[in-house]
Amino acid sequence: MAARDPRAVVRWLRRSPIGKTLRAMATGEVQISHDTLDALPLSPRVRYLRHMLISAETLPTIDVRLNDLEMLAEHLVNDLPSHHAQIINQYFRWQVLRQTRQRRAQKPLTVGMFNARWSALRKIASFLVWLDDQGVQMGTLDQRSVDRFFTHHRSQGAVATFLNWAIRQKLTRPLMPPHRPQARPAPSVPEDTIWRKVDELLDDTSIPSASRIIGLLVLVFAQRISDCVRLRQSDVSGHETTLSITFGRTPLALPEPIAELLRRYVSELEEQRTFVGGGPDWLFPGTTPHLHVSEAIVTLHLAPHKIDARRTQNARIDQLVQTVPASVVADTLGINIGTAIRHAARTGSRWGNYPELRASLSDE
C-alpha cells in the first residue's frame, strides 16, 4: 500500500503543510512551539504531532482539546459579520470558555464535551445568520421572531441558552426562549439482563481486554465509560491479594473473575513499551501519547453486546441503593450524593447490610 511505501512518505513530507512544517522545525527555520502548530490547519495528524512533542517534553503541556476549541472558535468568529462576531466572541470567552475551564479544574475536557461545545457554537452562529436573513437585529429581536425560529429549527437548546445569556447581558429585550422538555426516564434494565451481559463479557475474548474490563465496571459498579477511561493505574491496589479499585473515596474490592481479568491486563500493560516521557499512568492508555483510550473506541467494542451505559448505570444505582445506604453508594462508586439520594427516594429503598454483588461471581 502507498501509505507503507517510504517514498510515498517522503513525498508527503515534502508536499503537505505539516510535512513542510516538520522539516522547517527540524532545520531550525521555524520555532518548535505551539504557535507554529497553531498556524497549521486543524487535523488529527497535527493533534497527534502535538501530543508527541508534549510527550517528549519538547513542548509544554497544554489541554490540546481546549486549545483546538479556542482555535475553531476564533476561525468561526472571523467568518462572521463584525456585528455578530463581537457578540459570539463575548459569549464564547465569558460563558463557554470560563465554564469549561472551571470544569476542567476537576475533570479534563473530554471528546464529548468538546463536540458538544463546538456544535453549540455552530448552531448559535447559524441562528445569527438566520437573523440577518430575516432582517432582524439582536437589539430589536422580538418574541414572534424567536417563536418562528424555534418552530422551524429543532434541537436548538444551545440557542435557547445563548438567548438567555444575551437577555442577562441586556443585548436583547426580555424574551421567552422555549424550555427544553424534560426527557422521559428510559426504561430500566432488568437485573437478570445486566448479569447475563456480565457473563457474556467475561467469556468474550474477542473484545480487547481494556474494553471488556470497562464494560464490566459499567455493568457491575454503575460507572460511566467517560469515567472509566480516565482511571489511573494508581487507582488499582492489592495486586497480590484482594484486588481493589477506587472510584470515589473508598477502595472497592473486585469480584474474583473481574479481578483476575484485570490482573492479567495490568501484567501485560507493564510489559508494553510506554511513550517517550512517560506521562500520566492511565490504566487504559490510548494510541496517542499521554492520552487514555477514547470513549468512542470502547463503545464500539461493546456494541455487539448492546450495552447502554447510561441506562445500565441508572439501573445498577437503583438496585444498589435498595440494600446499601445512599451515602455509601455515593462514596464507593464516586457519584454525587444527591444523585444517590434521588435514586433511593425513587425506588423507596430501605437501608440494609452490604450486599454481595453476585454470589456466582465470587464463587467462580
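The values are calculated or read from the model by the stated rules, or taken from the named source; none is laboratory data. All values derive from a computational prediction rather than experimental measurement. Glycine gets a Cβ as well: all are built from the backbone with ideal geometry, and neighbour counts include every protein chain shown. For accessibility, only protein heavy atoms count, side chains too; no ligands or nucleic acids. Shrake-Rupley method; radii C 1.70, N 1.55, O 1.52, S 1.80 Å.
Can you tell me which condition residue 122 does not meet? The list is (1) within 29 Å of the chain's Cα centre (by Cα); (2) farther than 28 Å from residue 295 by Cβ, and all the others hold.
(2)
Among the residues of region 97-106, is any open to solvent by less than 60 Å² (accessible area, probe 1.4 Å) and closer than 15 Å to residue 70 by Cβ? Break it down stepwise before answering.
Quick first cut of region 97-106, residues open to solvent by less than 60 Å² (accessible area, probe 1.4 Å) only: 97, 100.
After this cut, where a residue has to be closer than 15 Å to residue 70 by Cβ as well, the list is 97, 100.
The answer is yes; a qualifying residue exists.
Hey, among 166, 222, which residue is in contact with a helix residue (DSSP H, G or I) (Cβ under 8 Å, 6 or more places away or on another chain), on the phi > 0 side of the Ramachandran plot, in contact (Cβ under 8 Å) with a residue 60 or more places away in the chain and open to solvent by less than 10 Å² (accessible area, probe 1.4 Å)?
Values: 166 fails: on the phi > 0 side of the Ramachandran plot.
222 is the lone residue from the list that is in contact with a helix residue (DSSP H, G or I) (Cβ under 8 Å, 6 or more places away or on another chain), on the phi > 0 side of the Ramachandran plot, in contact (Cβ under 8 Å) with a residue 60 or more places away in the chain and open to solvent by less than 10 Å² (accessible area, probe 1.4 Å).
Please give the helices (runs of 4 or more DSSP H) falling wholly within region 12-111 in which 3 or more residues are closer than 22 Å to residue 159 by Cα and modelled with pLDDT of 85 or more. Walk me through it before giving the result.
Numbers: elements: 17-27, 34-38, 44-55, 64-78, 82-91, 97-104.
Per the criteria, 64-78, 82-91, 97-104.
Residues of region 225-246 being open to solvent by less than 30 Å² (accessible area, probe 1.4 Å), hydroxyl-bearing (Ser, Thr, Tyr) and without any contact (Cβ under 8 Å) to a residue 60 or more places away in the chain, which ones?
Correct list: 244 only.
When you look at residue 139, is it touching a residue at least 60 places away in the same chain (Cβ under 8 Å) and in a helix (DSSP H, G or I), yes or no?
Values: touching a residue at least 60 places away in the same chain (Cβ under 8 Å): no; in a helix (DSSP H, G or I): yes.
Answer is no for this residue.
Is it true that residue 174 is in contact with an Asp or Glu (Cβ under 9 Å, 6 or more places away or on another chain), part of a loop (DSSP other than H, G, I, E, B) and not hydrophobic (A, V, I, L, M, F, W, C)?
Details: in contact with an Asp or Glu (Cβ under 9 Å, 6 or more places away or on another chain): no; part of a loop (DSSP other than H, G, I, E, B): yes; not hydrophobic (A, V, I, L, M, F, W, C): yes.
No; evaluated as a whole, the condition is false for this residue.
If I ask for residues that are more than 21 Å from residue 208 (Cα to Cα) and without any contact (Cβ under 8 Å) to a residue 40 or more places away in the chain, which ones from region 247-265 would you list? Walk me through how you get there before you give the answer.
Let us first name the residues in region 247-265 that are more than 21 Å from residue 208 (Cα to Cα), namely 247-253.
Result: 251, 253.
Check 329, 298 and return the single one that is surrounded by 21 or more Cβ atoms within 10 Å (Cβ to Cβ), part of a helix (DSSP H, G or I), at negative phi and modelled with pLDDT under 90.
Working: 298 fails: modelled with pLDDT under 90.
It is 329.
Consider region 112-136. How many of its residues are in a helix (DSSP H, G or I), exposed (fewer than 15 other Cβ atoms within 10 Å of the Cβ) and not polar (S, T, N, Q)? Before the answer, list the steps.
Kept after step one, since they are in a helix (DSSP H, G or I), are these residues of region 112-136: 112-134.
Right, trim to exposed (fewer than 15 other Cβ atoms within 10 Å of the Cβ) and you get 112, 115-116, 119, 122, 126, 129, 132-134.
Then drop every residue that is not not polar (S, T, N, Q), which leaves 112, 116, 122, 129, 132-133.
So the answer is 6.
Give me the pairs, please: first residue somewhere in region 279-291 and in contact (Cβ under 8 Å) with a residue 40 or more places away in the chain and under 13 Å from residue 210 (Cα atoms), second residue anywhere and crowded, with 21+ Cβ neighbours inside 10 Å and of a type in the set (Lys, Arg), beta-carbon distance under 7 Å, and either six or more positions apart or on two chains.
So the pair list comes out empty.
Of all residues in region 187-203 being out of contact with any helix residue (DSSP H, G or I) (no Cβ under 7 Å at 6 or more places or on another chain) and part of a loop (DSSP other than H, G, I, E, B), which is farthest from residue 235 (Cα to Cα)? Even if it seems obvious, please write down each step before you answer.
Step one: filter region 187-203 for residues out of contact with any helix residue (DSSP H, G or I) (no Cβ under 7 Å at 6 or more places or on another chain), giving 187, 190, 192-193, 195-196, 199, 203.
Pick out the ones that are also part of a loop (DSSP other than H, G, I, E, B) and you get 187, 190.
Values: 187: 32, 190: 30 Å.
Out of the qualifying residues, it is 187.
Among residues belonging to region 169-199 that are within 30 Å of residue 263 (Cβ to Cβ) and surrounded by 17 or more Cβ atoms within 10 Å (Cβ to Cβ), point out the one that is modelled with the lowest pLDDT. Lay out the reasoning, then the answer.
Here is the first cut: in region 169-199, the residues within 30 Å of residue 263 (Cβ to Cβ) are 189, 191-199.
Keeping just the survivors that are surrounded by 17 or more Cβ atoms within 10 Å (Cβ to Cβ) gives 189, 194, 197-198.
Details: 189: 83, 194: 91, 197: 93, 198: 93.
Out of the qualifying residues, it is 189.
I'm checking my understanding of the structure. Among residues of region 27-41 that are within 16 Å of residue 58 (Cα to Cα) and either hydroxyl-bearing (Ser, Thr, Tyr) or free of Cβ contacts under 8 Å to residues at least 24 places away in the same chain (or both), which one is least open to solvent (accessible area, probe 1.4 Å)? Outline the logic, then answer.
Just the residues of region 27-41 that are within 16 Å of residue 58 (Cα to Cα), to begin with: 27-28, 30-38.
With the extra rule that they be either hydroxyl-bearing (Ser, Thr, Tyr) or free of Cβ contacts under 8 Å to residues at least 24 places away in the same chain (or both), the set shrinks to 27-28, 30-31, 33, 35-37.
On the way: 27: 93, 28: 58, 30: 58, 31: 135, 33: 21, 35: 117, 36: 29, 37: 1 Å².
Taking the candidates together, the pick is 37.
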